[in-house]
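First the structure, in the form of structure tokens, and then the observations on it.
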């Protein structure tokens, strides 16, 4: 994982919405809290994640579940 990676939150949000999933349903499916899902989609800060590494790991879990390739949502 590159130290300068960033999450393209709009891609994760759009994929979730296209699949008709709420934050709560997606969170349950990937074993994360809905607050983590919301932060992945909405915030560039670390309100619920301790580090960027942990946030990227969560994004990968969500992206995999949504059927996205890492290139689509990580830059």
Length gained, residue 19-residue 64, 0.36 nm per residue minus C-alpha separation, equals 14.9 nm
Would you mind calculating the relative contact order of the chain from Cα pairs under 8 angstrom and at least 6 residues apart, reporting the percent as a whole number? 43 percent
GNM on the chain, Cα springs under 10 Å; top mean-square fluctuation among 12, 40, 26 goes to 26
MRE, 222 nm, helices only [DSSP H, n ≥ 4, -39500 (n - 2.57), over the chain, to nearest 500]: -17500 deg cm²/dmol
Using 0.36 nm per residue, how much length does the chain from residue 29 to residue 45 gain when fully extended, once their Cα-Cα distance is taken away? 3.4 nm
Over every pair of different alpha-carbon atoms in segment 9-73, take the mean of 1/r and invert it; report that Kirkwood radius in Å. 11.5 Å
Based only on other Cβ atoms within 10 Å, what is the fewest-to-most ordering of 42, 18? 18, 42
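Every number in this text was worked out from the coordinates using simple rules, so none of it is lab data. Bear in mind that the values here come from a model prediction, so they are computed numbers and not experimental data. Here Cβ is always computed from backbone atoms with ideal geometry, including for glycine, and neighbour counts include all displayed protein chains.
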